[in-house]
Amino acid sequence: MRYIQPPAHHAATVSSPQPTMPRDFFAASQDGAITESPDAQTPKAGATTGSNGSNEFIIHRIDTDQPNPQLSSRPEKLERTAKLHPYVQTLSIADLDSCERLESSCFPEEERCTAAKFHYRLTTCPDLCIGLFSTTDSSSPVADAATYPAARAPDSFSPQLKSVLIAHVIATKTIAPGWTDESMEIPSNWQSGLTRDDDDTKGHSENGRTLALHSLAVLPAFQNQGLGKTILKSYMQRMSSSGVADRIALLAHDGLVKFYESVGYVNKGKSGVTFGGGGWNNLVYEFGDDGPGF
């Protein structure tokens, strides 16, 4: 899918994760490596890989995070990013409005995650979704961000500050043998508490061993500064350490293939998916025994 810095369900109930302690991920990623990430909320899984696992794909919408010499050389943009002191933490349903605003600022309407899908994913599997935040006040350039109006105070002791969403990764798990439109759908009975069939491929499947990356988005004002790669690497480390899945799968347009290959994804060829106009490539990252190979 597209990624504006590159950019784009009935399961066991997941309790809302507790926020992790803020950490400056921009500073930690200057050498291109993340040495630590917040604790994953999903317990280590013991399930083995199914015979159809390696062929599971999901769309990853994204514009490009490839470094742009013209943009990167602008002192004001570098200064703005350096002052972010961004940190990564798990998203929750409380971040719904911020996620919608971020998505709308990055993607054309036909490729956006809808409000209903955000509600479903942030309720059903919030532990598979993370956000890159910056805590700031109203005098900061971040106050002009599309997500600022939806930002909340980081705690009750600092009401003058806001934790502003800068980027996010949205995902579910799938048992599907290949990408289908059903993988993006919302099960009609997901709020009923009824148990879904094991072979139901609609939406999030808790027993799935493939992470379906639906969206990687970065606010336009902070693109082309490495934040997309920062949050993606953090996500890959977190999910690998948790043991929640065996791989991450996504779809990307031709211009983004090299970006994903640079962090270990393998291009499996063209996809027949027509979502958002089609033209996607299947990309997969397999978690190895030694974790992500950055």
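The values are calculated or read from the model by the stated rules, or taken from the named source; none is laboratory data. A quick note: this is a predicted structure, and the numbers were derived from the prediction, not measured. Cβ: placed from backbone, ideal geometry, glycine included. Neighbour counts: every protein chain shown.
A single entry from Ile166, Ile186 fulfils the requirement of being under 30 Å from Val273 (Cα atoms), part of a loop (DSSP other than H, G, I, E, B) and touching a helix residue (DSSP H, G or I) at 6+ places or on another chain (Cβ under 8 Å): Ile186. Specify which of the listed residues (Gly276, Gly288, Gly269) is part of a loop (DSSP other than H, G, I, E, B) and more than 26 Å from Leu84 (Cβ to Cβ). Result of the check over Gly276, Gly288, Gly269: Gly288. Considering the conditions (1) surrounded by 24 or more Cβ atoms within 10 Å (Cβ to Cβ); (2) within 18 Å of Val218 (Cβ to Cβ); (3) not aliphatic (A, V, I, L, M), Gly255 is excluded by exactly one of them, (1).
Residue-by-condition table, conditions (1) over 18 Å from the mean Cα position of the chain (by Cα); (2) within 25 Å of Pro187 (Cβ to Cβ); (3) in a helix (DSSP H, G or I); (4) modelled with pLDDT of 95 or more:
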{"site": "Asp97", "(1), (2), (3), (4)": "no, yes, yes, yes"}
{"site": "Arg101", "(1), (2), (3), (4)": "no, no, yes, yes"}
{"site": "Ser105", "(1), (2), (3), (4)": "no, no, yes, yes"}
{"site": "Gly131", "(1), (2), (3), (4)": "no, yes, no, yes"}
{"site": "Ser138", "(1), (2), (3), (4)": "yes, no, no, no"}
{"site": "Ala143", "(1), (2), (3), (4)": "yes, no, yes, no"}
{"site": "Pro154", "(1), (2), (3), (4)": "yes, no, no, no"}
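Being in a helix (DSSP H, G or I), modelled with pLDDT under 95 and under 15 Å from Phe133 (Cα atoms) is the filter here; which residues of the stretch 61-95 pass it? Arg80, Thr81, Ala82, listed by residue number.
Would you pick out the residues in the stretch 222-246 that are buried (at least 19 other Cβ atoms within 10 Å of the Cβ) and outside any helix (DSSP H, G or I)? Scanning the stretch 222-246 gives Gln223, Asn224, Gln225, Gly226, Val244, Ala245, Asp246. Taking the criterion of being outside any helix (DSSP H, G or I) and surrounded by fewer than 21 Cβ atoms within 10 Å (Cβ to Cβ), would at least one residue in the stretch 114-126 satisfy it? Yes, there is a match, as at least one residue in the stretch 114-126 is outside any helix (DSSP H, G or I) and surrounded by fewer than 21 Cβ atoms within 10 Å (Cβ to Cβ). Give just the number: which of (1) part of a helix (DSSP H, G or I); (2) under 26 Å from Val164 (Cβ atoms); (3) touching a Phe, Trp or Tyr at 6+ places or on another chain (Cβ under 8 Å) does Leu216 not satisfy? The failed condition is (1).
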